[in-house]
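The values are calculated or read from the model by the stated rules, or taken from the named source; none is laboratory data. The shown structure was predicted, so the numbers you read here are calculated from the model rather than taken from an experiment. Glycine gets a Cβ as well: all are built from the backbone with ideal geometry, and neighbour counts include every protein chain shown. With ligands, DNA and RNA removed, areas are computed over all heavy atoms of the protein, side chains included. Shrake-Rupley method; radii C 1.70, N 1.55, O 1.52, S 1.80 Å.
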Amino acid sequence: MDIKKVQPASAAAQALGWIDEKTRAIVPAIHPATTYLRDEDNQYRSGRIYARADNPAFDQAEALLTQLEHGHATALFSSGMAAATAVFQALSPGDHIVASRVMYWALRNWLLGFATQWGLKIEFVDTTDLAALTKAVQRGKTKLVWVETPANPTWAITDLAAAAEIAHQAGARLAVDSTCASPVLSQPITFGADIVMHSATKYLNGHSDVLAGSLTTARDDESWQRIKKIRAQLGGVPGSLDAWLLLRGMRTLYVRVNAACRNAQRIADHFESHDKIEAVLYPGLAGFAGHEIAAKQMKGGFGGMLSLRIKGGEAAAVAVAAHTQLWKRATSLGSVESLIEHRSSIEGAGSPAPVDMLRLSTGIEDSGDLIADLEQALGK
Ligand code: PLP
């Protein structure tokens, strides 16, 4: 059977079914080498020179992600931030960028700080509002539209097909941080995106033990070549062991994400009309603002991320997190264990997170246990 034609869950489980030619091993070897032998005539026919630019440990994970995202090529990075910032570094000082107002806070801070000082002109808009997006994008001037959907930490949904059309009509490219959707639920390139970014630290690896990022491009173009050059020059690449662990994590991507989606939906349904909960923010709820667009562009579930607004304000929300036992009070998301976090205290000034809000990253534990733990914490 052609591995390119099987269901994505099958391609992921077998990591494309690659077999080591020499040993017949069904799991790749880890090559720790940082340098590679030149041919006698001084050429590098193997295509490998030095580990800052490239590493055989990346090949299988990059090929798998390319297939899952329906892209042309993928590059792994040392973190999601290394991947995201490479997209902006591939632009030129003076370039105009339109970005989602609700997005991963550390990237927003980097854009407001370093990227702005470096000369990029960044405009933050509510990208769920297509009229506002259309108004912000300037034909011939805007070079990039950066969208995160579902967006951290309110799970605002941006219409990818519409955003791609708006960007392209103005001659700009669309880049999507698809970390929270994962390739299981959404493939932005199929909606017209030019580049897809993941914090591979999250769902792709899935076990809170690898820091990594990825970019997948829809095509080989000048921008992609600049990104590859930036990676080779700056060396923001994972180590061989991390790339190997990432590939191992991706083999179970589909079962993990599907289990997290089921749990998140059950938790959202349970707390939607709870007397201690002000509001549940989850794209899978029919009353959620972006629900219909999410249903169109996220297939098979609405993600493992949700937020709960607790009646009683900030102190009540912090107290609930303090009393959870099964849910771990920790930052990050997309792992097998469930995490809970009072988001506005970590994001600080400029955060779109209401002070009474807890962000929940649902893991793969039993949903009854997760609900019971939240109930007992709410009851304290
Ligand atoms: N994008 C999103 C949506 C994230 O949640 C994160 C990290 O939390 C990042 C990007 C940055 O990824 P990393 O921590 O791997 O640098």
> Considering only DSSP beta bridges with both partners in region 3-250, what is the antiparallel share in %, to the nearest 5?
Replying inline: 40 percent
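Could you tell me whether region 65-164 comes out rounded, prolate or oblate from its Cα gyration tensor? Rule is a ≥ b ≥ c as square roots of the eigenvalues, rounded for a/c under 1.5, then prolate if a/b exceeds b/c, otherwise oblate.
On the way: a/c = 1.34, a/b = 1.07, b/c = 1.25.
Cα axes put region 65-164 in the rounded bin.
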> Any idea how far apart Arg139 and Ala25 come out in nm if each label point goes 7 Å out from Cα toward Cβ?
Replying inline: 5.7 nm
> What order do Tyr254, Tyr50 take when sorted by accessible area (1.4 Å probe), most exposed first?
Replying inline: Tyr50, Tyr254
> Could the peptides 302-309, 67-74, 313-320 be put in order, highest first, of the mean number of other beta-carbon atoms found within 10 Å of their residues?
Replying inline: 302-309, 67-74, 313-320
> Ranked from the most accessible area to the least, with a 1.4 Å probe and all protein chains present, what is the order of Trp244, Trp327?
Replying inline: Trp244, Trp327
>> Could you report the accessible area of Ser223 in Å², rounded to 10, computed with a 1.4 Å probe on the protein chains as they sit in the structure?
In response: 30 Å²
> Mind checking the angle between helix 80-89 and the chain's longest principal axis? C-alpha axes, 0 to 90 degrees, to the nearest 10.
Replying inline: 70 degrees
> Once Lys and Arg get +1 and Asp and Glu get -1 on their Cβ, which of Pro8, Met305, Val196 lies farthest toward the positive end of the dipole of the chain?
Replying inline: Val196
> With springs only between Cα atoms under 10 Å, which of Arg266, Arg343, Arg48 fluctuates most in a Gaussian network model of the chain?
Replying inline: Arg48
> Regarding region 253-379, what whole-number volume in Å³ per residue does the convex hull of its Cα atoms give?
Replying inline: 103 Å³
> What's the extension gain from Glu278 to Ser345 if we count 0.36 nm per residue and subtract their Cα-Cα distance?
Replying inline: 22.2 nm
> Which lysines have a Cα lying under 30 Å from the Cα of Lys5, excluding residues fewer than 8 positions away in the same chain?
Replying inline: Lys22, Lys202, Lys228, Lys296, Lys299
> Pairing the Cα long axis of helix 160-169 with the longest principal axis of the chain, what angle in degrees results, from 0 to 90 and rounded to the nearest 10?
Replying inline: 60 degrees
>> Could you give each residue of region 61-68 its phi-based ³J(HN,Hα) in whole Hz, using Karplus coefficients 6.51, -1.76, 1.60 with θ = phi - 60°, and x for Gly or Pro?
In response: 5, 5, 5, 5, 4, 4, 5, 5
> Classify region 301-342: rounded, prolate or oblate, from the alpha-carbon gyration tensor (a ≥ b ≥ c, eigenvalue square roots; a/c under 1.5 rounded; otherwise prolate if a/b is larger than b/c)?
Replying inline: oblate
>> Going by Cα centres, region 304-339 and region 200-225 are how many Å apart?
In response: 27 Å
>> What percentages make up the Cα-Cα pair-distance distribution of region 181-263 when the bins are 5 Å wide from 0?
In response: 3, 14, 21, 21, 20, 15, 5, 2, 0
> Hey, what's the Kirkwood Rh for the chain if you take every pair of different alpha carbons, in angstrom?
Replying inline: 21.4 Å
> Per residue, how much accessible area does region 3-250 show when a 1.4 Å probe rolls over the protein heavy atoms, in square angstrom?
Replying inline: 43 Å²
> In region 1-125, what is the volume of the convex hull around the alpha carbon atoms, normalised per residue and reported in Å³?
Replying inline: 180 Å³
>> If I build a Gaussian network model for the chain, linking alpha-carbon pairs within less than 10 angstrom, which residue out of Thr331, Thr201, Thr142 has the largest mean-square fluctuation?
In response: Thr331
>> Show me the trypsin sites (Lys or Arg not before Pro) within region 100-166 that DSSP assigns to loop and that have at most 11 other Cβ atoms within 10 Å of their Cβ.
In response: Arg139
